[in-house]
Amino acid sequence: MLASIKTNSFTNEGQKLGMMYFRVAIILFGAQLLMGLIAAFQFLVPGFLFELFDFSVARMVHINALIVWMLYAMIGSVYMMITDETGVETVGIKLGKLGFWVLTAAVTVVVLVYIFVQVGSGTEASIWLIHEGREYIEAPRWADIGIVVVVLIFYYNVFASYMAGKQTGIMTVMVANLMALAGLYLAGMFFTDNISMDQFWWWWVIHLWVEATWEVFVGTLAAYALIKLIGAKREIVEMWLWIEVLMLFGSGILGLGHHYFWIGTPEYWWEIGALFSSLEPVPLIAMFVHVLYDWGKEQGEAHGRGEEGNVVTNSPAMAWIVTNAFGNFLGAGVWGFFHTLPQVNIYTHGTQFTAAHGHLSFFGAYATILIGMMYYGVQKAHGVEKMKMNFNSKMGIFLITFGVLGMTVALTIAGYEQVLVERAELGGTWNAFFVAQELPWYIQAQLWRTIMGVVTLVGFIYLVWDLLTIGKKNKAQQI
Amino acid sequence: MFFEPFTDVIPSFFGWLNQGPLTLTIFLHTVIILPMFWIYKQEKANLNK
Amino acid sequence: MAKKNVSVWTSIPFWRRSAAWVTGFAVILLIWLSFDTLGQISMGTDEDLKAGTTKRVPAPTVINYKITYEMNKQRGSEIPIIGGKDANGTSSFEEKELFFGKEWTEEEAADLLHLGKLTSQAKNCMNCHTLLGNGAYFAPDLTKSWLDPAWDTKGVMVSMISSMLPSKLVERIEAGKAVSDEDNQLIKDMKIDIANGKMLTKEEAMAIFLRFPSSYPTHERMMPELAITADEAKGLVAFLKHMSSIDTNGFPRNFSKSVDQFKVGGSNAR
């Protein structure tokens, strides 16, 4: 099995580095699932690890591992495509590798501090050394600065290669979007006593990442993947990409307003947030249509030419990308729209409804396509011409998708109950919260969420097993 | 009662635009979309050349 | 020149230019809106409070005032009322109350709020609770917790904490473990107060709860002890009181209904 990790038929250095990022990403993905299970179990048995490894710690590591594994997989995916797109070897690759090791060392230290130190005293030192206590961007300030440095190195790799080689439409979008993505992180790197101001800028990072720049990133990856996996025409793919950029940024940037309904910000955000964010699902439908339409078109043309079989050159990767097209629309689009209007959001804000949306959208919009890119990386690592799914790949994608959907449905039901009982009926007081948390429907939903979490974990084990073995199996069949 | 008296805490330009039904968002969408007609016409002319 | 049959809709330059225009303009609009909003949510000053100027986020010295959360007909939602209501149903900034037994100067209040906000981050409140509705969903929302009927002086929490020593701390002392002078003093003071049947104020009870939450369990799901010092606890209570004075456009809705029900003896807020 170790031989299978080391095997590599990569034709360029960038892809080797990309694979290193993928390996760390999948480990962090596992950590995310374990922490999620601990936190889910604490909903059912509150005494579990009480005052030892509290919910706040498990939840912090859960969401931080999520963000970091996705950033790792995103960086890995970019290294996968640099040489393919620009036609030159990645510029400054040695520096890039150094950056990888620095980042990985920093992430390890940060996670160990989260787990073993947990909380600090109410001083600036805690913010600098332990964690910042701000959901999603908890990383302590020293790590923030480290992340900025490593991202600058990564950006240099991408930008210098772009300038040195071909400047395709895909790469142009990538370079511009990555600059915005990296720059936005700076908005989350300061302390203020004013909680409204704090959350105002906090959302600049979180929203403008996950509902604008990350989505454009996914569009760019999908464009690249469609060319590679089904041989889609570059002109068509790039035209779609520009349309997606237009619609994603057109709706997503001002859609930021839907986070400014209740944090002390003015009433006019109700209207801006509601109307712009209501348009956010539109590009997601477009992306879904685009992926499936192109696939059908290429397949049809191949049949027309009298070619036998499937045009897809990597069926597990393609399966995950189709799941992405659907999951992005369902998780980010539909589940997001459910509670984006202020008239609804005043009751759903800060309930399990948000958690339901969070689970399906992070999975549907990001996890899926990044796993697809990992399969693409494995294909390149083994020099397989046409990679086919096997039993493990199918179990992986089925169980993970089913598990996450199940968690989402369970949390949505818990959310409905919470919205109606705690918020609408009882007005969201301390007592109202506990009344809602202790109703049987809520507890049953949490139980199902935990069961579905276990299903997801089993799927994850299949996935890792498959990523480790599929390349070798396919290579053997090819010869 | 289409246009309501201003009720938000602090008066501002956007708050003022926000007094009618969807007036603020219609305004913003319009200023974003209108120039696209101009881009369309220019590109049409370019392609015809 | 003859008119050819060309379509702009499949032209990459058309979509590229449109994408650049829409993105660029949306960014400019967002920056403009942000400047407007930042002006509105910057923290007010003590002068604003004295002059009766309503700010979305008032000065730290708001902790010296009585705060309530009441339905406002004009806004159609509940708004924070600072220092009592005037004829228009908005804040009159007149009625004050002592906070931890004193009136805080501008500088003292600012320092206390600073400590409280820092502590709220260092202790990771947001990964169990929600603040202004954002955070985790494992524990109650803290936006208006200062005004929560559970913490009313006639409510269950204040009377429980007024009559019970923090059991976890007592266990530690009985087991011969070293505790700080501050903690020893707390036990001494509390014993005297309990013997005299003295009721703690809301802020005092909150501060003790924050330091030893698992000594005062009310539900199976409890808050853990997070090594919060007495000063940090005061800071946290100031932070919570300040947060309750922020105008959140009526979030959480119906909160004041629960408060009213409690006042007339309703069972909704045991």
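The values are calculated or read from the model by the stated rules, or taken from the named source; none is laboratory data. Because the structure is a prediction, the values reported are computed rather than measured. With ideal geometry, Cβ positions are generated from the backbone for all residues, glycine too; neighbour counts draw on all protein chains shown. When the accessible area is computed, the model is the full protein with side chains, heavy atoms only, and any ligands, DNA or RNA have been set aside. Shrake-Rupley method; radii C 1.70, N 1.55, O 1.52, S 1.80 Å.
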Residue list for region A:419-440, restricted to those being open to solvent by 50 Å² or more (accessible area, probe 1.4 Å) and within 9 Å of chain C (Cβ to nearest Cβ): A:425, A:438
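Being more than 18 Å from residue C:125 (Cβ to Cβ) and open to solvent by 60 Å² or more (accessible area, probe 1.4 Å) narrows it down to one residue among A:91, A:109, A:113; which is it? Quick ask: steps written out before the conclusion?
On the way: A:91 fails: open to solvent by 60 Å² or more (accessible area, probe 1.4 Å); A:113 fails: open to solvent by 60 Å² or more (accessible area, probe 1.4 Å).
A:109 is the lone residue from the list that is more than 18 Å from residue C:125 (Cβ to Cβ) and open to solvent by 60 Å² or more (accessible area, probe 1.4 Å).
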Close pairs (6 angstrom Cβ cut-off, 6 or more residues apart or separate chains): within 17 Å of residue C:232 (Cα to Cα) in region C:184-208, part of a helix (DSSP H, G or I) and open to solvent by 60 Å² or more (accessible area, probe 1.4 Å) anywhere: C:207/C:234
Selection from region C:74-106 of residues that are open to solvent by 90 Å² or more (accessible area, probe 1.4 Å), closer than 19 Å to residue C:255 by Cβ and either assigned to a loop (DSSP other than H, G, I, E, B) or among the polar types (S, T, N, Q) (or both): C:74
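Determine, yes or no, whether residue A:411 is closer than 26 Å to residue A:37 by Cα, open to solvent by less than 20 Å² (accessible area, probe 1.4 Å) and of a type in the set (A, V, I, L, M). Walk me through how you get there before you give the answer.
Numbers: closer than 26 Å to residue A:37 by Cα: yes; open to solvent by less than 20 Å² (accessible area, probe 1.4 Å): yes; of a type in the set (A, V, I, L, M): yes.
In short, yes.
This table checks each residue for (1) within 24 Å of residue A:207 (Cα to Cα); (2) assigned to a helix (DSSP H, G or I); (3) in contact (Cβ under 8 Å) with a residue 40 or more places away in the chain.
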residue: A:14; (1), (2), (3): no, yes, yes
residue: A:20; (1), (2), (3): no, yes, yes
residue: A:24; (1), (2), (3): no, yes, yes
residue: A:33; (1), (2), (3): yes, yes, yes
residue: A:43; (1), (2), (3): no, yes, yes
residue: A:52; (1), (2), (3): no, no, no
residue: A:59; (1), (2), (3): yes, yes, no
residue: A:62; (1), (2), (3): yes, yes, no
residue: A:79; (1), (2), (3): no, yes, yes
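Can residue C:211 be described as modelled with pLDDT of 95 or more and either within 26 Å of the chain's Cα centre (by Cα) or open to solvent by 40 Å² or more (accessible area, probe 1.4 Å) (or both)? Break it down into steps so the answer makes sense when it comes.
Values: modelled with pLDDT of 95 or more: yes; either within 26 Å of the chain's Cα centre (by Cα) or open to solvent by 40 Å² or more (accessible area, probe 1.4 Å) (or both): yes.
Yes, satisfied.
Does region B:30-48 contain at least one residue that is part of a helix (DSSP H, G or I), facing chain A (nearest Cβ under 8 Å) and under 17 Å from residue C:18 (Cβ atoms)? I'd like the intermediate steps shown before the answer.
Within region B:30-48, the subset part of a helix (DSSP H, G or I) is B:30-48.
Going one step further and asking which of them are facing chain A (nearest Cβ under 8 Å), we end up with B:32.
Then keep just the ones that are under 17 Å from residue C:18 (Cβ atoms); that gives B:32.
Checked against the condition, which is being part of a helix (DSSP H, G or I), facing chain A (nearest Cβ under 8 Å) and under 17 Å from residue C:18 (Cβ atoms), region B:30-48 yields at least one hit.
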Among residues of region A:107-139, those that are in contact with a Gly (Cβ under 9 Å, 6 or more places away or on another chain) and acidic (Asp, Glu), counted: 2
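Would you mind stating whether residue C:71 is more than 9 Å from every other protein chain (Cβ to nearest Cβ) and of a type in the set (A, V, I, L, M)? If you could, list the steps in order and put the result at the bottom.
Details: more than 9 Å from every other protein chain (Cβ to nearest Cβ): yes; of a type in the set (A, V, I, L, M): yes.
In short, yes.
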Odd one out for residue A:340 among (1) open to solvent by less than 10 Å² (accessible area, probe 1.4 Å); (2) within 30 Å of residue A:388 (Cβ to Cβ): (2)
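Would you check if residue A:249 is at negative phi, at pLDDT below 95 and hydrophobic (A, V, I, L, M, F, W, C)? Give the derivation first.
Working: at negative phi: yes; at pLDDT below 95: no; hydrophobic (A, V, I, L, M, F, W, C): yes.
Answer is no for this residue.
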Residues satisfying the stated conditions in region A:372-392, i.e. surrounded by fewer than 20 Cβ atoms within 10 Å (Cβ to Cβ) and assigned to a helix (DSSP H, G or I): A:391
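From the residues in region A:115-130 that are in a loop (DSSP other than H, G, I, E, B) and either among the aliphatic types (A, V, I, L, M) or more than 7 Å from every other protein chain (Cβ to nearest Cβ) (or both), which one is farthest from residue C:224 (Cα to Cα)? Break it down into steps so the answer makes sense when it comes.
Initial filter on region A:115-130 (in a loop (DSSP other than H, G, I, E, B)): A:117-123, A:130.
From what's left, either among the aliphatic types (A, V, I, L, M) or more than 7 Å from every other protein chain (Cβ to nearest Cβ) (or both): A:117-119, A:130.
Working: A:117: 15, A:118: 12, A:119: 12, A:130: 18 Å.
That would be A:130.
Let me confirm something: among C:158, C:170, which residue is more than 14 Å from chain A (Cβ to nearest Cβ) and within 20 Å of residue C:217 (Cβ to Cβ)?
Details: C:158 fails: more than 14 Å from chain A (Cβ to nearest Cβ).
Exactly one residue qualifies, and that residue is C:170.
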Selection within region C:223-269 - over 23 Å from residue C:180 (Cα atoms), at the interface with chain A (Cβ under 7 Å from one of its Cβ atoms), open to solvent by 40 Å² or more (accessible area, probe 1.4 Å) and assigned to a loop (DSSP other than H, G, I, E, B): C:253
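Report the residue count in region A:125-136 for those that are open to solvent by 10 Å² or more (accessible area, probe 1.4 Å) and either closer than 18 Å to residue A:63 by Cα or in contact with a helix residue (DSSP H, G or I) (Cβ under 7 Å, 6 or more places away or on another chain) (or both).
Filtering region A:125-136 for residues open to solvent by 10 Å² or more (accessible area, probe 1.4 Å) gives A:125, A:128-130, A:136.
Subsequent filtering for residues that are either closer than 18 Å to residue A:63 by Cα or in contact with a helix residue (DSSP H, G or I) (Cβ under 7 Å, 6 or more places away or on another chain) (or both) retains A:128-130, A:136.
Selection size over region A:125-136: 4.
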Tally, over region A:201-229, of residues that are open to solvent by 10 Å² or more (accessible area, probe 1.4 Å) and over 30 Å from residue A:259 (Cβ atoms): 2
Count of region C:113-157 residues which are within 20 Å of residue C:220 (Cα to Cα), touching a Leu at 6+ places or on another chain (Cβ under 6 Å) and β-branched (Val, Ile, Thr): 0
Count of region A:94-106 residues which are free of Cβ contacts under 8 Å to residues at least 60 places away in the same chain and either open to solvent by less than 40 Å² (accessible area, probe 1.4 Å) or not aliphatic (A, V, I, L, M) (or both): 5
Where a residue in region C:27-38 is at the interface with chain A (Cβ under 10 Å from one of its Cβ atoms) and open to solvent by 10 Å² or more (accessible area, probe 1.4 Å) and its partner, wherever it lies, is of a type in the set (Gly, Ala, Ser) and part of a helix (DSSP H, G or I), with Cβ under 9 Å and at least six apart: C:27/A:180; C:36/B:15
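Yes/no matrix, rows are residues, columns are (1) part of a helix (DSSP H, G or I); (2) of a type in the set (Ser, Thr, Tyr); (3) at pLDDT 95 or above:
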site: A:161; (1), (2), (3): yes, yes, yes
site: A:172; (1), (2), (3): yes, yes, yes
site: A:176; (1), (2), (3): yes, no, yes
site: A:183; (1), (2), (3): yes, no, no
site: A:193; (1), (2), (3): no, no, yes
site: A:200; (1), (2), (3): yes, no, yes
site: A:216; (1), (2), (3): yes, no, yes
site: A:237; (1), (2), (3): yes, no, no
Residues being open to solvent by 10 Å² or more (accessible area, probe 1.4 Å), within 12 Å of chain C (Cβ to nearest Cβ) and polar (S, T, N, Q) - total across region A:344-371: 2
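Go through region B:9-29 residue by residue and tally those that are more than 23 Å from residue C:28 (Cβ to Cβ) and facing chain A (nearest Cβ under 9 Å).
Just the residues of region B:9-29 that are more than 23 Å from residue C:28 (Cβ to Cβ), to begin with: B:9, B:19-21.
Next cut, facing chain A (nearest Cβ under 9 Å) only: B:9.
The qualifying residues number 1.
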Close pairs from region C:1-14: first facing another protein chain (nearest Cβ under 7 Å) and over 15 Å from residue A:237 (Cα atoms), partner modelled with pLDDT of 90 or more and open to solvent by 100 Å² or more (accessible area, probe 1.4 Å), Cβ under 9 Å, at least 6 apart: C:8/B:41
Selection count, region A:298-337, where residues are of a type in the set (D, E, K, R) and either under 22 Å from residue A:359 (Cα atoms) or surrounded by 16 or more Cβ atoms within 10 Å (Cβ to Cβ) (or both): 1
Near pairs, Cβ below 6 angstrom, 6+ apart or cross-chain, from region A:164-183 (over 18 Å from residue A:90 (Cα atoms)) to any residue that is open to solvent by 10 Å² or more (accessible area, probe 1.4 Å) and β-branched (Val, Ile, Thr): A:182/A:151
